[in-house]
Amino acid sequence: MGKLGRLQHLKLKGFRSIRALDLSLAPLNILIGPNGAGKSNFIGFFRFMNSLQAKELQLYVRTQLNGADRTLYFGRKTTTKLEIDLHFPPNSYQATLVPTTDDSLVFAMETAVFHGKEINYSGGTQQHPLAGAGALESGLPRPGSLSPAHHVSRYINDWKVYHFHDTSDTAKVKMAYSIHENARLMPHGENLAAYLYGIRDTEAYTRIVHTIKRVAPFFHDFVFQPEANDLIRLRWKHKGSDDYFDATMLSDGTLRFICLTTLLLQPTLPTMILLDEPELGLHPFAMQLLAAMMRSVSERTQIIASTQSVTLANQFGWQDLVVVDQIGNESCFRRLQEQEVAHWLEQYKLGEIWEMNVLGGTPE
């Protein structure tokens, strides 16, 4: 993945526990910090942007964030507006939202900007006003043409938060799903079987199966048997046996690893992959493979992930880490600097240094 289109800088003011954020982003970004520091709020901002782009802002604010007062940093008495500034060259997106008397958020301003000088375009900077003052929903168009506003919309639409924590008996990933829903792996893995069925003849599928076998040596391959009404569910074959089993016969950690492997090794990657604590339930060796995939894939797409695992943090370099702390009742984010850890890395791994409370990002 080249720099073109990658989210390089994010400024955010007044969102949840984030009073003010001004952060440069790299191809690979690993957020470390204690419970309650604000990692999930950072990841949640991208869900907020997905809903905004889909013109479902009002529904999301009311049903997922419990209203404008809960969305703004310490409520409207402390924070009068939510400000967003996203820069993914050669485009950027700015918006300001304000609360209403009925606890909604409406737009005060929304603009897409094309920065021609960043690609040596003679037209210079072009402003493209979107939603007008008082608008309930975004003025971003549906992804389509090559205009700056359409580019902005396409990138935001492609930023997906993936969450494979639910492996209960009623988890969607264990249920039958439409065989035709296979264009992109869904955020909770609900169409995993359909997606794997759709890519079964690709090199990517072969790599996925090979990687799963490294963590689950008993696994031979997936079995695809479409059911009535064009439904399909996750089934697999045990090594050395003609019997096959469904997802209920996989451990929670194995099922999550299958989802993560499919996500990261899929043939067509989204422009950004966001993961909230992907290490949940994984064996240390599985975490090593997960980190290796994340490092490799970050050369083609952008990855933002939060973790509380020392084992997973050990797999990355200092330049990949973003330290998150709760300071003075606000979430504070900073990229790790080499001088903080250079001499420590002569004896310890990065996660171990974090565990020793040298970096911050630990409970006080």
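Laboratory data are not the source of any read-out in this text; all were calculated from the coordinates shown. Everything numeric in this text was worked out from a predicted model, so none of it was measured. Cβ coordinates were reconstructed from backbone atoms using ideal geometry, including for glycine residues, and neighbour counts include every protein chain displayed.
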Using Cβ counts within 10 Å as a stand-in for footprinting exposure, how do THR307, THR101 rank, fewest first?
THR101, THR307
Would you mind listing how long the range 234-304 runs along its three principal axes, going by Cα atoms, in whole Å with the largest first?
40, 25, 18
A correct fewest-to-most ranking of THR254, THR78 by other Cβ atoms within 10 Å would be THR78, THR254
With label points built 7 Å along Cα→Cβ from the Cα atoms of ARG214 and ASP243, find their separation and express it in nm.
2.9 nm
Would you please state the base-10 log of I(q)/I(0) at q = 0.11, 0.13, 0.16, 0.18 1/Å for the range 243-364, with intensities from the Debye formula using one equal scatterer on every alpha carbon?
-0.44, -0.60, -0.86, -1.03
What FRET efficiency would be calculated for the residue pair SER168, ASP230, taking the C-beta separation as r and a Förster radius of 30 Å, to the nearest 0.05?
0.75
Treating the Cα atoms of the range 307-360 as identical point scatterers in vacuum, please give the log10 of the normalised Debye intensity I(q)/I(0) at q = 0.14, 0.22, 0.26 Å⁻¹, two decimals.
-0.34, -0.82, -1.09
Could you compute the FRET efficiency for SER147 and THR268, with r as their C-beta to C-beta distance and R0 at 35 Å, rounded to 0.05?
0.90
D (Stokes-Einstein, µm²/s), Kirkwood Cα radius, the range 87-239, 1.002 mPa s at 20 °C:
111 µm²/s
Only helices counted: for the chain, with every DSSP H run of 4 or more residues adding -39500 (n - 2.57) and the sum spread over all residues, [θ] at 222 nm is -7500 deg cm²/dmol
Against the longest principal axis of the chain, how steep is helix 252-265, in degrees 0 to 90 to the nearest 10, with axes from Cα atoms?
70 degrees
So the FRET efficiency between PHE74 and GLU352, C-beta based with R0 = 35 Å and rounded to 0.05, is 0.50
Along Cα→Cβ, 7 Å out, is where each label goes; now give me the distance between the ones at SER296 and ASP252 in nm to one decimal.
2.8 nm
For the range 100-107, in order, what is each residue's ³J(HN,Hα) by Karplus, 6.51 cos²θ - 1.76 cosθ + 1.60 with θ = phi - 60°, in whole Hz (x at glycine and Pro)?
10, 5, 9, 6, 9, 10, 10, 7
Inverse mean reciprocal Cα-Cα distance (Kirkwood Rh) of the range 26-118, Å
14.7 Å
Using only Cα atoms, what is the ratio of the radius of gyration of the range 170-261 to 2.2 N^0.38 Å?
0.99
If I stretch the segment between ALA204 and TRP344 completely, what's the gain in nm (0.36 nm per residue apart, minus their alpha carbon distance), one decimal?
46.5 nm
For the ranges 12-20, 337-345, 179-187, what's the packing order if you count other beta-carbon atoms within 10 Å of each residue, average per peptide, and put the highest first?
12-20, 179-187, 337-345
Fewest-first sequence of ASP85, ASP201, ASP325 by Cβ atoms within 10 Å of each Cβ:
ASP201, ASP85, ASP325
Report the relative contact order of the chain, percent, no decimals, based on alpha-carbon pairs under 8 angstrom and at least 6 residues apart.
19 percent
Report, in degrees rounded to the nearest 10, the 0 to 90 angle that the Cα long axis of helix 39-53 makes with the longest principal axis of the chain.
80 degrees
Applying a 10 Å radius around every beta-carbon, put 311-319, 271-279, 218-226 in order of their mean neighbour count, most first.
271-279, 311-319, 218-226
Over the chain, the quotient of the Cα radius of gyration and 2.2 N^0.38 Å is 1.04
